[in-house]
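Some notes on the structure that comes next.
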Amino acid sequence: MQEPSKPSTRISRRSAIKLGAAAAALPLVHMQTAHAAGSLKLAFWDHWVPAANPTMQKLVAQWGAKNHVDVSLDLLSAGTANDKMLLAEAAEALAGTGHDVMVFQAWGVQQYHQHLEPIDDVVEGLIKQYGPIDAMDAYLGKVNGHWMGFPTSVGTQYKPSCARISLFKKWGYDVTAWYPNKPGDAKTAEAWTYDLMLKLAPEAQKAGKPFGLGLGLTTDSVDMTGTILRAHGGVLVDEKGNMQLRSDAVQAALEYLIKLYPYLPADTVTYDDASNNKALISDSAALIFNPPSAWWVARRDAIHVAEDCWTFPMPLGPKGRYNSHLPFFWGIWSFSPNKTAAKELITWLQQRAQVETLCDAAVGYDIPPFASMHDFNIWSTVKPPLGTVYNYPIRPWHDTQTNVAGYPAPPHIATQLYTNATFNVMVVKLAKNKEKMKNVLDWAENEINGYINM
């Protein structure tokens, strides 16, 4: 399914009034309790998996009844032309009123942190219970050393490889042996490299099923190229805000993508976040990088495709193996009149029992922020084929790290690199437009200097 798009904070007061009206028209689920002690307004992501929303509604109602809190829950759609999640975030931040708890995707916490309540007590308490949180979640969820958003499992995803088993076997490689649906050994997966992917790309094109990889401007494309960049050891801007554009590692990643480009789909430069899903479901791609949404829809609409899919980490690059990561957060507005109840609800929803219930309802799509919760049974039992998404969560033997495109630049710079798809534009200029490397680097340097000096 189409993945959520990116927020923007540019909004006028007149626009906020219109957005506020749109937010007020959102679908509301009201959990009225008999002896309400206070009230709480929630805005969570409208999950695309049919059973996920009713499960969340049931859990929230259960908590409200037990704690005598009058709870209302809005489910906000994202990733569409009428992106209600972004509308609500922008309107409420400007108006200083609205929900108590708001959902944010990727860079949202960084963009709205001045309007959010620090929740170090909530996050640190849960870390003591369940162990460390993913490093990319901390990168996006912390501001000036303080947690301003909690990385919820709901909507949070990895974007690993999803390959057609039969095609890879035809080319001499068994992806189910690389990553079996049981505990394994990292050495068994050493064959899956970016060099091999480049070798197989012409074979996929000849078979009429080119790898469904995009060089567009939306999240799937930006996440993919950003991870390829990182796997080659490259960053556009380092953690101190210094430009690294002309490094050998960036050059190596660009040269790799230039070589890969001729074997990608004809519309690769206009790919949006639905394109790779459609390519897999229509039996037109041998490989995509995506969460299980495309496989899940294929299970419903094209069972012969779903039966032939296997999910496993992205390839190994010269500087390591990384998986693209797109997290969701829950933040508490600083203007919330009931911060204590909001913290208590978040803490309760993030207990292992509740997280597993939500993950089961989402058919394993959601990724918990704690590695200690990556052992839920759902990923072993989903089929067909049995265990097809077993390797969707990162396992210890995967020898894989997560990546957010733009990392490790300071977030105010990284969000510009991400939102403007700077690296993707560079690749298209070089590979499609055949511009000279010097001219492209000069263009990118001017762009990035603008981000640094904003």
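Every number in this text was worked out from the coordinates using simple rules, so none of it is lab data. Because the structure is a prediction, the values reported are computed rather than measured. Here Cβ is always computed from backbone atoms with ideal geometry, including for glycine, and neighbour counts include all displayed protein chains.
What do you get for the angle between helix 352-361 and the principal long axis of the chain? Use alpha-carbon atoms, 0 to 90 degrees, nearest ten. Roughly 60 degrees, rounded to the nearest 10.
Treating each Cα of the chain as one equal point scatterer and applying the Debye formula with no solvent, the log10 of I(q)/I(0) at q = 0.11, 0.13, 0.14 Å⁻¹ comes out as -0.86, -1.20, -1.37.
May I ask which of Lys199/Lys432; Lys142/Lys259; Lys84/Lys343; Lys142/Lys240; Lys170/Lys383; Lys159/Lys343 have a Cα-Cα span longer than 26 Å here?
Lys142/Lys259; Lys159/Lys343
Calculated on C-alpha atoms, the gyration radius of segment 363-413 divided by its Kirkwood radius gives an Rg/Rh of 1.10. Counted over all Cα-Cα pairs of segment 245-285, pairs farther apart than 11 Å make up 70 percent. Looking at the chain alone, DSSP beta bridges between its own residues are antiparallel in about 70 percent of cases. Sorting 375-386, 89-100 by average packing, meaning the other beta carbons within 10 Å per residue, from highest down gives 89-100, 375-386. Relative to the longest principal axis of the C-alpha atoms of the chain, give the angle of the C-alpha long axis of helix 52-67, reported between 0 and 90° and rounded to the nearest 10°. Relative to the chain, helix 52-67 is tipped by roughly 30 degrees. Taking segment 301-350 on its own, what percent of its Cα-Cα pair distances exceed 13 Å? Across segment 301-350, Cα pairs with separations above 13 Å total 76 percent. Both radii were evaluated on the Cα set of segment 171-214; the Rg over Rh quotient, with Rh as the Kirkwood radius, amounts to 1.04. Take each peptide in 262-272, 146-156, count the other Cβ atoms within 10 Å of every residue, and average; sorted highest first, the result is 146-156, 262-272. Couplings 3J(HN,Hα) of segment 167-184, computed from phi: 5, 5, 5, 4, 8, x, 9, 9, 5, 6, 7, 4, 10, x, 8, 6, x, x Hz, in residue order, whole Hz [Karplus 6.51 cos²θ - 1.76 cosθ + 1.60, θ = phi - 60°; x for Gly and Pro]. Kirkwood's formula applied to the C-alpha pairs of segment 321-406 gives a hydrodynamic radius of 14.8 angstrom.
Specify the angular offset, from 0 to 90 degrees and rounded to the nearest 10, of the alpha carbon long axis of helix 248-260 from the longest principal axis of the alpha carbons in the chain. Tilt of helix 248-260: around 70 degrees.
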